[in-house]
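Report on the following structure.
The values are calculated or read from the model by the stated rules, or taken from the named source; none is laboratory data. Please read these numbers as outputs of a predicted model, since none were measured by experiment. Cβ sites come from the backbone with ideal geometry, for glycine too, and all protein chains shown count toward neighbours.
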Amino acid sequence: MECVFGFVGNGFAVVAADTSAVHSILVHKSNEDKIMVLDSHKLIAASGESGDRVQFTEYIQKNVALYQFRNGIPLTTAAAANFTRGELATALRKNPYFVNILLAGYDKETGPSLYYIDYIATLHKVDKGAFGYGSYFSLSMMDRHYHSGMTVEEAIDLVDKCIMEIRSRLVVAPPNFVIKIVDKDGAREYAWRESVKDAAVASA
Amino acid sequence: MQIFEYNGSALVAMVGKNCFAIASDRRLGVQLQTIATDFQRISKIHDRLFLGLSGLATDAQTLFGPYFCQPVIAGLGDEDKPFICTMDSIGAKELAKDFVVAGTASESLYGACESMFKENMEPEELFETVSQALLASVDRDCLSGWGGHNTYRSKGKDFERKDGLSGTKYLTHEISMDLFF
């Protein structure tokens, strides 16, 4: 099952997600990037039904871009989170999206923030959050080791601790993870943590 | 899955002497898992009216639509007479003179309020009573707790404004209580 988690540090927010694309017992690919760069200073880490995940996050990404084109200024992280929640809430009673989202962003005025949005459109601003079976392990690790104002080094250390815990304790643990970070310099990929690499295909 | 027990909640409102208090727990959960311990269930509509929403958190955040929510309404009515009421999710009103409760801890809350309530309590005593009733009840309910938000409102001093109009300054006290182990 998909593992997504993240938390807020000193002037940045970090999110990590597993990278397995799974259908029933088959692992289609092990390098699927589930953390979308929403705009220059926002990340959206999504987990849930694969079709919904891609369709919904792309829909949000394009609407956030449209707002910026129309109005000349980007949405704040809070505004983007509330917009996302609104879309999930509107669809909930017609054709629900089974997507859980952690939206991380950096605003110049308010600094870093993280929003927890579950698939039934419950929105809450949090310091740390997680989804999936991995959350049983990562939330406990974060409860133990997280403190406000962590440096990037401390934060990545905590992310690695959570990944270690998931790998060793979850029966269907995903082998690979991607870590992305957002701070005043923007949203970017930080690192991959791979324990299984796709085998190179022999050329024909 | 019981939809009213998906997120967990506890709400209580009580009437005192020319004052009211409304309190809620702070837990936001997804069934057995706790997501946050700082969730706000009570909203201020205006100076003399507060609304608390228990039940499904997503519906408490949605403006229009079918709601799996039970509201608790508390305010100061005509002549600053305190008013409280609660409803179920389809609008069956319960107007009470003493206290109203809602949420997953409602049964415990009924018991705690019934035994701790007294008529015509002053604001400070009312605050203490509501806090103790809430904390005692959520301690017996695994789906609610992690502290409480308590707002109590009473009519304060009358005053004269610079533009010659007079008004009443209402005293609102909002206290956040943490759970100590």
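Filter the range A:68-90 for residues that are closer than 16 Å to A:SER47 by Cβ and within 11 Å of another protein chain (Cβ to nearest Cβ) and give the result.
Once the filter is applied, which keeps residues that are closer than 16 Å to A:SER47 by Cβ and within 11 Å of another protein chain (Cβ to nearest Cβ), the range A:68-90 yields only A:LEU88.
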In the range B:92-122, the residues that are aliphatic (A, V, I, L, M), outside any loop (DSSP other than H, G, I, E, B), surrounded by 15 or more Cβ atoms within 10 Å (Cβ to Cβ) and touching a strand residue (DSSP E or B) at 6+ places or on another chain (Cβ under 7 Å): B:VAL100, B:VAL101, B:ALA102, B:LEU109
Long-range neighbours under 6 Å by Cβ, at least six apart or interchain, first residue at pLDDT 95 or above within the range B:114-139, second of a type in the set (Ser, Thr, Tyr) and part of a helix (DSSP H, G or I): B:MET116/B:THR129
Across the range A:13-34, what is the number of residues that are surrounded by fewer than 24 Cβ atoms within 10 Å (Cβ to Cβ) and assigned to a strand (DSSP E or B)? 7
Note: among B:SER43, B:SER106, just one is in contact (Cβ under 8 Å) with a residue 60 or more places away in the chain and of a type in the set (Ser, Thr, Tyr), namely B:SER106
Restricting attention to the range A:91-104, does a residue exist that is more than 9 Å from every other protein chain (Cβ to nearest Cβ), within 14 Å of A:PHE12 (Cα to Cα), surrounded by 17 or more Cβ atoms within 10 Å (Cβ to Cβ) and touching a strand residue (DSSP E or B) at 6+ places or on another chain (Cβ under 6 Å)? yes
